[in-house]
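The values are calculated or read from the model by the stated rules, or taken from the named source; none is laboratory data. Please read all numbers here as calculations on a predicted model, not as lab measurements. Positions of Cβ are generated from backbone atoms using ideal geometry, with glycine treated the same way; all protein chains shown enter the neighbour counts.
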């Protein structure tokens with residue numbers, strides 16, 4: 001795991017100037033350790049930072065961390081950090097950075113041109129341990145001494161890219177050893193160790209709110225609901241409607257799709273989900289119908305062919321009411337749009353002499369488009385030794401064009417580093433106003449989904 005991009009040549013130059021400075025400067029108060037010898041010098045230090053995980057990108061294996069001051073930085077987990085999926089957003093992480101620079105004067109040069117090279121090594125956690133991994137990277141830069149200015153005690157170095165840097169060497173003993181044609185080899189080593197540090201209980205609730213970094217989650221579901229409802233189809237002539245109870249008719253799910261998307265930036269976010277459904281069914285010799293204004297004899301039955309296509313779209317803003325390592329609770333405020341088209345073909349059987357010809361059969365299609373305001377709660381409770389299992393909960397209620405709409409969902413999920421697999425049971429109900437072509441409608445059934453986070 002490394003914690004910074006490749007060190008630039010100018011930074012190496014600055015560090016060279018520090019370690020070649022006069023011994024009278026002494027050891028810096030930051031904890032940097034400096035050692036010198038004839039034609040050699042080195043400096044090293046360890047910096048420990050405590051931070052909160054604000055984002056995990058499993059595609060690039062980048063972990064974004066936020067210090068107590070609010071500033072953020074990113075570490076990259078190498079492939080040998082096998083327990084990365086155990087790290088969760090909101091965890092407190094200790095990061096130990098080790099930096100070291102060793103400089104050696106190559107008298108007369110090495111015969112090779114100025115160059116730059118990098119090597120990396122990694123260690124890893126054993127299976128079942130808390131996440132930790134140590135990665136060490138060494139960057140070696142060889143620069144040519146192209147000029148020495150005795151009056152100003154400066155040395156000009158030309159690096160592998162042809163860039164020239166002028167250094168002031170305040171240590172006379174080191175300066176007098178440097179000549180044109182020599183080479184300076186600077187070896188910079190960096191390492192970062194990351195391990196989960198359980199935060200004290202008082203610090204766990206509420207968790208720090210991170211801002212400035214957007215986090216996203218997208219979910220695709222397979223949904224297999226049963227559909228029930230009462231539909232009122234206007235006849236082409238005469239009074240009254242043909243009313244059909246759909247619960248015992250629908251038996252063929254032709255297609256269903258459901259997806260959800262969420263984005264949040266600290267305490268605020270947006271949430272949306274979309275469901276599309278195409279369902280149909282037929283029933284012969286049934287009495288699950290009525291014809292307004294017509295007295296249907298008990299001996300008369302109907303052959304029904306009923307279909308329904310439509311979609312439901314929910315969109316809401318969310319505000320995080322609670323956030324700990326184990327749980328989150330969001331308050332939702334938004335709207336839901338329903339757009340459906342029921343269709344019916346029917347024909348009556350039996351002694352239909354007393355029934356007007358226009359009411360003995362036909363094909364009809366109606367449409368309903370409703371906007372409703374909603375308010376709701378969305379929660380997640382994690383459990384298990386690594387908090388990899390969780391229970392998702394959702395509920396909302398509202399109204400507007402509909403008399404009442406509400407839905408609830410609950411299930412069980414398992415979190416991986418790249419996202420989640422979750423199964424839920426979802427119930428969505430609409431009660432419509434008395435003059436609507438649809439009187440009531442419910443979607444009720446299981447769904448399984450895959451969530452991707454980035």
Return a yes/no flag: does region 413-428 have any residue that is on the phi < 0 side of the Ramachandran plot, over 24 Å from the mean Cα position of the chain (by Cα), in contact (Cβ under 8 Å) with a residue 12 or more places away in the chain and assigned to a strand (DSSP E or B). yes
Is region 337-349 home to any residue that is over 24 Å from residue 309 (Cα atoms) and modelled with pLDDT under 95? yes
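Restricting to region 205-226, and then to whatever is crowded, with 19+ Cβ neighbours inside 10 Å and more than 30 Å from residue 92 (Cα to Cα), can you tell me which residue is modelled with the lowest pLDDT? First the steps, then the outcome.
Here is the first cut: in region 205-226, the ones crowded, with 19+ Cβ neighbours inside 10 Å are 207, 210, 215, 219, 221, 223, 225.
Applying the additional criterion that residues be more than 30 Å from residue 92 (Cα to Cα) yields 221, 223, 225.
Working: 221: 90, 223: 85, 225: 82.
So, considering only residues that are crowded, with 19+ Cβ neighbours inside 10 Å and more than 30 Å from residue 92 (Cα to Cα), the one modelled with the lowest pLDDT is 225.
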If I go through region 424-454 residue by residue, how many of them are touching a strand residue (DSSP E or B) at 6+ places or on another chain (Cβ under 8 Å) and within 20 Å of residue 289 (Cα to Cα)? 9
Any residue at all in region 69-82 that is crowded, with 18+ Cβ neighbours inside 10 Å, at pLDDT below 75, touching a strand residue (DSSP E or B) at 6+ places or on another chain (Cβ under 8 Å) and within 20 Å of residue 323 (Cα to Cα)? no
Which numbered condition trips up residue 240, out of (1) loosely packed, with under 15 Cβ neighbours inside 10 Å; (2) modelled with pLDDT of 65 or more; (3) on the phi > 0 side of the Ramachandran plot? (2)
All-but-one check, residue 171 against (1) modelled with pLDDT under 75; (2) under 30 Å from residue 68 (Cβ atoms), failing number (2)
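What residue, of 335, 298, is in a loop (DSSP other than H, G, I, E, B) and exposed (fewer than 15 other Cβ atoms within 10 Å of the Cβ)? If you could, list the steps in order and put the result at the bottom.
Details: 335 fails: in a loop (DSSP other than H, G, I, E, B).
The match here is 298.
Take residue 369 and tell me if it is closer than 17 Å to residue 430 by Cβ and in a strand (DSSP E or B). Reasoning before the result, please.
On the way: closer than 17 Å to residue 430 by Cβ: yes; in a strand (DSSP E or B): yes.
Yes.
Which one of these is assigned to a strand (DSSP E or B), within 30 Å of residue 118 (Cα to Cα), at pLDDT below 80 and in contact with a helix residue (DSSP H, G or I) (Cβ under 8 Å, 6 or more places away or on another chain): 165, 184?
Result: 165 is the single residue among 165, 184 that is assigned to a strand (DSSP E or B), within 30 Å of residue 118 (Cα to Cα), at pLDDT below 80 and in contact with a helix residue (DSSP H, G or I) (Cβ under 8 Å, 6 or more places away or on another chain).
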Going residue by residue through region 41-54, is there one that turns out to be at pLDDT 70 or above, in the same structural domain as residue 143 (by TED's automatic domain parsing), under 22 Å from residue 419 (Cα atoms) and assigned to a loop (DSSP other than H, G, I, E, B)? no
